[in-house]
Amino acid sequence: MSISNKIDSRIDNLNETDEFKALMRNILNVEDEGVYRFKEKYETYVNEYINASLQEDQKND
Amino acid sequence: MIRIKKIAFENYRQYKNISVSFDDNSEHNLHILRAKNGTGKTTFLNGILWCLYEHEHYLNDKDKALPIANSTAVENTEEKNSIRVRVNLLLEDETNNIEFERTQIFTVSASPLSGKKNAYPGSSTLKVTITPKDKPENTKVSEDDLEVQSLVKQYFDEAIYDYYFFDGENLKNYFSQGKSEKIKSSIFNISQVTLLENAARHARSMSEEKSRKSAKIKGDNGNLYDEVSQLASDIDRLEKENKKIDEELPELKKKVADADAALEGYAPIRMNIERRKVLDGEYRATKSGYDDFKDKKRVFIRKYLTLLNYYPRVKNTLEIIHQKQKDGKLPPSIDKKQVCEILENHVKNCPVCNAEIDENAITHLQSVLNELDVSSATSNYLMEIKSSLEEIVSECESFPDERDKLIQEEKYYVDELAKKELELQQISAFLTAYSNADGESIDVKKIEAERESNRQKITSKEQRKLLNERDIKDYKKEKEQKEGEIKKQEGKRDNKALLNRQVTILRRLSSSFDLVQKGIMDDLKDDIQKETWNRFESMIWKRNTFGSLSINDSYEITVLNKAGNEMTGSLSATEYMALAYSFTLAIHEASGKNCPLVVDSPLGRVSDENRENMARELLEVSKEKQIIMLFTPDEYSEDVSKVYDGTIASIRDISLSSDESEVERVGE
């Protein structure tokens, strides 16, 4: 199994939601691209995740 | 699979002008180069290392070695001319041809004493050319230091160079303590674990940064909310109290009026009552005048607090203006700007009187200009503010008179009110003590006592109402301020809440990446351990000795016997070599990049009974991986040739020229 697949499989097996796993993969892509201003990208993805979670919470309420 | 297609040497040590190709024409990607000791076997390996890393790691003693530039070429080169030394390593993978080419220019000069020529090195450069097989037009050439180093690292990380370019005679280095750390770090690099490590580190540093930011924001508005709520409750209480006073006052006033009417109807005291009526009116008018006076006094105090504060500076500025006026510098009689323009533009006639501006006039204007030290703009500004400053000074100087007037006025009100109050008290005292004749229907004493009581109640309630109104006004203002503050804080609090959420997510990300990273490292270690054991087991002829093999977190290998006792230190040279091969191939496998393996003295330390076994194992490996082996003729014994002859891709001999100065041929 290639290392990328191993990382993917390890992420899949984490006790986390699918949305959080997607966030992890987005962050890894940022690192893979070697983005110099990584903070902005991290912040965008983290905020997207927070907003989606809030909307989900509101829906459930 | 990544394979070496060709290696070309130019003036590199004894490889003066040799090119060796490694064709992919067999099931087994195994190529053998045979050479006697001293012919250039290790130099071949060092040539590849020099090309990739600029270091010849397998040189015995660098300081005592011959120079890199080929000695015949140096001898044949004119003094002060240069020689190019070049090694070109051409690789291919599934999609690209990758060419590494190192070049170094040497300048030749002769010793003035012996006449012997030497080659002096210039800096060396590495160029990497990547040509896509399907789109050669998209060839990319890199010469930037960082970029080419990164490309070299991708294929053959120098930290573990000896796991790609293996020296069978240097086994002791393979399992030294420093080596295991390098292996670990290299596994980190090649396995993308650095990606996970960077993600965890970045998420951690961002969470710490955001946590610090959040801590700086005051999130608790509890006190402000309490204060606003307290103020609202106080305002409400006071407004209710005033409402009640408003309800009670008419009744009380009616009672006083009724009392007055009753008393007025009683002839013996009518004059007193009428006088009191007049006095009451006068008292109220004076009181109202005094209230107005108090407002005027407040305005006066506020005005002079400001004016007197600025008075010394204003007075000083005004004195400067006056002095300048006295000196004739203000207002400016001459427009400095206009004089400058006349002189600079050589105006022929005066713009004011139209007289001719001759040499004398110019000299005069220049002297006038020198005397003007204040520009017209500044002068005009000073003149403009002068009257305002004079007004301020005048007002300040009239302060003592104004203050005395106010003191007098206040004294008048205070005295008048006291006088009237005293007379009213006397009338009331008289009436309170008044004794009616028996049998009269009116009880003056009682009515007056009740009237006085009600009047005092009215005064007290009116005063209370006034105080309440003042407090309500103050409380409302304070409440408004605090509500504004809460609004501001709420904006910050929203930001704090977002920061705290981000911190939580970033911490979770960081710990999750740590977890994945640890898992991947464990997986890789397990894979390497398993692969090393499988290969080791198949290379060794002993079947009942070795039980297992383990690799710890620092990538140190331990070999155990069937009984579970460590026996790494008791391995024979052959077993040690098998372990080195097994570990090397396992690392290649784990790296995910199927790189070639170039081995000098591949079976040199392997005892006879194991040679065939190991040769077969390497032949098997060469189905999936390119292996280039450098043998001495003795090492390429009958046992080995039996396995390889007719099976492998190529067997070639390296031969020196008759004067032994250069490799003349690499061929069958």
Output the number of residues of segment B:606-620 satisfying the condition of being crowded, with 17+ Cβ neighbours inside 10 Å and within 23 Å of B:T42 (Cα to Cα). 6
What is the number of the single condition among (1) open to solvent by 80 Å² or more (accessible area, probe 1.4 Å); (2) under 26 Å from B:T378 (Cα atoms); (3) over 60 Å from the mean Cα position of the chain (by Cα) that B:N354 does not meet? (2)
Among the aliphatic types (A, V, I, L, M) and either within 14 Å of chain A (Cβ to nearest Cβ) or without any contact (Cβ under 8 Å) to a residue 24 or more places away in the chain (or both): is that true of B:I587 in this structure? yes
Could you check segment A:16-40 and list, in sequence order, the residues that are among the basic types (K, R), facing chain B (nearest Cβ under 10 Å) and open to solvent by 60 Å² or more (accessible area, probe 1.4 Å)? A:K39
Which of the following residues is within 14 Å of chain A (Cβ to nearest Cβ), assigned to a helix (DSSP H, G or I) and modelled with pLDDT under 80: B:I187, B:I183? B:I187
Selection count, segment B:511-539, where residues are at the interface with chain A (Cβ under 10 Å from one of its Cβ atoms) and surrounded by 20 or more Cβ atoms within 10 Å (Cβ to Cβ): 6
B:G491 meets each of (1) small (G, A, S); (2) within 60 Å of the chain's Cα centre (by Cα); (3) surrounded by 13 or more Cβ atoms within 10 Å (Cβ to Cβ) with one exception, condition (3)
Suppose we filter B:E248, B:E197 for residues that are open to solvent by 30 Å² or more (accessible area, probe 1.4 Å), in contact with a helix residue (DSSP H, G or I) (Cβ under 8 Å, 6 or more places away or on another chain), in a helix (DSSP H, G or I) and within 14 Å of chain A (Cβ to nearest Cβ); which single one remains? B:E197
Checking B:A418 against (1) surrounded by 11 or more Cβ atoms within 10 Å (Cβ to Cβ); (2) more than 30 Å from B:Y311 (Cβ to Cβ); (3) modelled with pLDDT of 85 or more, which single condition isn't satisfied? (1)
Taking only segment B:118-133 into account, find how many residues are surrounded by fewer than 17 Cβ atoms within 10 Å (Cβ to Cβ) and either over 41 Å from the mean Cα position of the chain (by Cα) or aromatic (F, W, Y) (or both). 5
Wholly enclosed strands (runs of 3 or more DSSP E) of segment B:537-629 bearing at least 2 residues in contact with a Phe, Trp or Tyr (Cβ under 9 Å, 6 or more places away or on another chain) and among the basic types (K, R): none
Need pairs with beta-carbon distance below 7 Å; first residue open to solvent by 70 Å² or more (accessible area, probe 1.4 Å) and within segment B:136-154, second of a type outside the set (A, V, I, L, M, F, W, C) and not in a helix (DSSP H, G or I); sequence gap 6+ or separate chains. B:N138/B:P132; B:V141/B:K127; B:V141/B:T129; B:E143/B:T125; B:E143/B:K127
Scan segment B:125-145 for residues that are in a helix (DSSP H, G or I) and farther than 20 Å from B:L49 by Cβ and report the count. 3
Just to check your reading of the model, which residue among B:E478, B:E440 is acidic (D, E) and outside any helix (DSSP H, G or I)? B:E440
Single condition B:A563 does not satisfy, out of (1) closer than 19 Å to B:L33 by Cβ; (2) open to solvent by 20 Å² or more (accessible area, probe 1.4 Å); (3) among the aliphatic types (A, V, I, L, M): (1)
Which of the numbered conditions does B:E10 fail, given that it passes all the others? Conditions: (1) open to solvent by less than 50 Å² (accessible area, probe 1.4 Å); (2) in contact with a helix residue (DSSP H, G or I) (Cβ under 8 Å, 6 or more places away or on another chain); (3) not hydrophobic (A, V, I, L, M, F, W, C). (2)
In the list B:G484, B:G439, which residue meets the criterion of being exposed (fewer than 15 other Cβ atoms within 10 Å of the Cβ), among the small types (G, A, S) and more than 23 Å from B:D258 (Cα to Cα)? B:G484
Please specify each residue of segment B:13-32 satisfying the condition of being among the polar types (S, T, N, Q) and open to solvent by 50 Å² or more (accessible area, probe 1.4 Å). B:N17, B:S19, B:N25
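The values are calculated or read from the model by the stated rules, or taken from the named source; none is laboratory data. All values reported here derive from a predicted model rather than from experimental measurement. Positions of Cβ are generated from backbone atoms using ideal geometry, with glycine treated the same way; all protein chains shown enter the neighbour counts. For accessibility, only protein heavy atoms count, side chains too; no ligands or nucleic acids. Shrake-Rupley method; radii C 1.70, N 1.55, O 1.52, S 1.80 Å.
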